[in-house]
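The structure appears right after this line, and notes come after that.
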Amino acid sequence: MNVRRGEIVIVDFPYSDQIGSKIRPALVVQADLWNRLLDDTILAPITSSRSPNNTTPTQFFIDILTDEGEQTGLFLNSVVRCGNLITYNRNLILRIIGKLSPPAMQQIDVCLKAALDIP
């Protein structure tokens with residue numbers, strides 16, 4: 001499946017212990033150039049969250065009641081977990097459900113820098 005940076009997709013996300021997996025949303029964080037050239041893309045998992053106060057510098061809170069949150073396609077307030085990236089085959093992506101705006105993706109960049117210790 002062709003994807004673009006900032007899109008929210010549904011994937012069968014593997015557990016780190018490789019014992020199982022879970023269908024969940026994820027954010028495409030890889031640059032569009034590499035999404036076109038490579039079979040894999042880089043994803044940040046998205047998990048539900050009740051409060052923005054539970055986030056760290058590596059996480060981005062999505063409030064589904066905001067204009068930003070409405071375009072994500074998510075049903076619950078959620079957190080993008082930039083500290084838990086995964087490389088995923090684009091052909092295994094189940095579907096695209098929404099996207100984040102360019103300003104939100106700039107905030108995601110800050111979270112990615114914190115996760116990767118990039119100044």
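Overview of values
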item: Hits in the stretch 9-22 - residues which are in contact with a Leu (Cβ under 9 Å, 6 or more places away or on another chain) and farther than 15 Å from Asn91 by Cα; result: none
item: Residue within the stretch 53-61 that is within 17 Å of Ile96 (Cα to Cα) and assigned to a strand (DSSP E or B) present; result: no
item: Looking only at the stretch 48-85, and only at residues there that are among the β-branched types (Val, Ile, Thr) and at pLDDT 95 or above, the one that is nearest to the chain's Cα centre (by Cα); result: Val80
item: When residues of the stretch 64-119 are limited to those that are among the small types (Gly, Ala, Ser), assigned to a loop (DSSP other than H, G, I, E, B) and in contact with a Gly (Cβ under 8 Å, 6 or more places away or on another chain), the one surrounded by the fewest Cβ atoms within 10 Å (Cβ to Cβ); result: Ser101
item: Residues satisfying the stated conditions in the stretch 55-96, i.e. among the polar types (S, T, N, Q), touching a Ser or Thr at 6+ places or on another chain (Cβ under 8 Å) and over 25 Å from Leu116 (Cβ atoms); result: Gln71, Asn77
item: Residue, nearest to the chain's Cα centre (by Cα), within the stretch 10-42, restricted to residues that are assigned to a strand (DSSP E or B) and hydroxyl-bearing (Ser, Thr, Tyr); result: Thr41
item: Total residues in the stretch 59-93, condition over 25 Å from Ser16 (Cα atoms) and among the β-branched types (Val, Ile, Thr); result: 3
item: Filter result for Pro45 (in a strand (DSSP E or B) and either surrounded by 14 or more Cβ atoms within 10 Å (Cβ to Cβ) or over 14 Å from the mean Cα position of the chain (by Cα) (or both)); result: yes
item: Subset of the stretch 87-113 (residues that are over 21 Å from Leu38 (Cα atoms), touching a strand residue (DSSP E or B) at 6+ places or on another chain (Cβ under 8 Å) and of a type in the set (A, V, I, L, M, F, W, C)); result: Ile97, Leu100, Ala104, Ile108, Cys111
item: Considering residues of the stretch 17-37 that are without any contact (Cβ under 8 Å) to a residue 12 or more places away in the chain and touching a strand residue (DSSP E or B) at 6+ places or on another chain (Cβ under 9 Å) only, the residue farthest from Cys111 (Cα to Cα); result: Gly20
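Residues are listed down the side, and each one gets a yes or a no for (1) closer than 21 Å to Ile97 by Cα; (2) surrounded by fewer than 20 Cβ atoms within 10 Å (Cβ to Cβ); (3) of a type in the set (A, V, I, L, M):
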| site | (1), (2), (3) |
| --- | --- |
| Gln18 | no, yes, no |
| Leu27 | yes, no, yes |
| Asp39 | yes, yes, no |
| Arg50 | yes, yes, no |
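The values are calculated or read from the model by the stated rules, or taken from the named source; none is laboratory data. Remember, predicted model here, so these are calculated numbers, not experimental data. Note that we place each Cβ from the backbone using ideal geometry, even for glycine, and neighbour counts take in every protein chain shown.
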